[in-house]
Amino acid sequence: MIIAFEGLDQSGKETQARHLRARIEQDGRKVHSLSFPDYETPIGREIAKALAGEREFGPDVMQLLYVANRCEYRPKIESWMNGGGVVVCDRYRASSLAYGEAQGLDPAWLEDIQRYLPKPTLTVLLDIAPETAVQRKSTGRDKFERDLSLLARVRESYRRQAQQSDWVLIDGEMDKDDVRAAIDAAVLPKLTARG
């Protein structure tokens, strides 16, 4: 299965994904972690340059790059899943929908360009306000992280997506231990049910 963590930057995705991986490993299951975008690949390096302002790509090209970056890992993801492993992702498919939609791109197109990527079994949204993201990281923010109106639209898209049955919405404004407990309560029973 694939468990994807989504939310604005500084919502706690990396911390909570790491905790969940450790928790699942305690139960003796094989877990693999991914974080997107992966800036170490050729496509990821182009994304990093664009985020730093060294490249000028339109929103559609940026989303194509993000999807291509994930597609670089598709064979590994499929192999891990076929081997019975759990894949925990810090950002995955919903990020393209949230950020692309917030920039005026067609949600149907954003879904379609990802159709060959395995769908997540469960998506955990760590919901925080854009202002909270800024408070948690006030310096070194990329051009998207500095645009509060864009981040508000991204959050709206995430919250809309989180109404689907394969999503769990967690209040990321809570203390991180409370967030962790809420994630464990929402996710671990689903893992047990799947064996």
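Among the residues of the stretch 170-195, write down those that are without any contact (Cβ under 8 Å) to a residue 24 or more places away in the chain and assigned to a helix (DSSP H, G or I). Quick ask: steps written out before the conclusion?
First, pick out the residues of the stretch 170-195 that are without any contact (Cβ under 8 Å) to a residue 24 or more places away in the chain: 174-175, 177-178, 181-182, 185, 189, 192-193, 195.
Within the stretch 170-195, 177, 178, 181, 182, 185, 189, 192, 193 meet the criteria.
The residues of the stretch 168-184 that are within 17 Å of the chain's Cα centre (by Cα), surrounded by 19 or more Cβ atoms within 10 Å (Cβ to Cβ) and either aromatic (Phe, Trp, Tyr) or under 16 Å from residue 21 (Cα atoms) (or both), listed by number, are 179, 183. Taking the criterion of being in a loop (DSSP other than H, G, I, E, B) and in contact with a Lys or Arg (Cβ under 9 Å, 6 or more places away or on another chain), the residues of the stretch 33-83 that qualify are 36, 37, 38, 39, 52, 53, 55, 83.
Taking the stretch 64-88, which residues are closer than 16 Å to residue 47 by Cβ, open to solvent by less than 60 Å² (accessible area, probe 1.4 Å) and touching a residue at least 40 places away in the same chain (Cβ under 8 Å)?
Answer for the stretch 64-88, where residues must be closer than 16 Å to residue 47 by Cβ, open to solvent by less than 60 Å² (accessible area, probe 1.4 Å) and touching a residue at least 40 places away in the same chain (Cβ under 8 Å): 67, 70, 71.
Residues in the stretch 59-96 that are over 19 Å from residue 109 (Cα atoms) and out of contact with any strand residue (DSSP E or B) (no Cβ under 7 Å at 6 or more places or on another chain): 72, 74, 75, 76, 78, 79, 82, 83, 84.
Taking the criterion of being in contact with an Asp or Glu (Cβ under 7 Å, 6 or more places away or on another chain) and open to solvent by 40 Å² or more (accessible area, probe 1.4 Å), the residues of the stretch 6-51 that qualify are 9, 14, 23, 35, 43. Just one of the listed residues (97, 117) is crowded, with 19+ Cβ neighbours inside 10 Å and modelled with pLDDT of 95 or more, namely 97. Just to verify a result, which residue in the stretch 103-114, among those that are in a helix (DSSP H, G or I) and open to solvent by 10 Å² or more (accessible area, probe 1.4 Å), is nearest to residue 23 (Cα to Cα)? If we take residues in the stretch 103-114 being in a helix (DSSP H, G or I) and open to solvent by 10 Å² or more (accessible area, probe 1.4 Å), then 111 is nearest to residue 23 (Cα to Cα).
The values are calculated or read from the model by the stated rules, or taken from the named source; none is laboratory data. Being a predicted model, the structure only gives us computed values, none of them experimental. Using ideal geometry, Cβ is built from the backbone for each residue, glycine included, and neighbour counts are taken over all protein chains shown. What goes into the accessible areas is simple: the full protein's heavy atoms, side chains included, and nothing from ligands, DNA or RNA. Shrake-Rupley method; radii C 1.70, N 1.55, O 1.52, S 1.80 Å.
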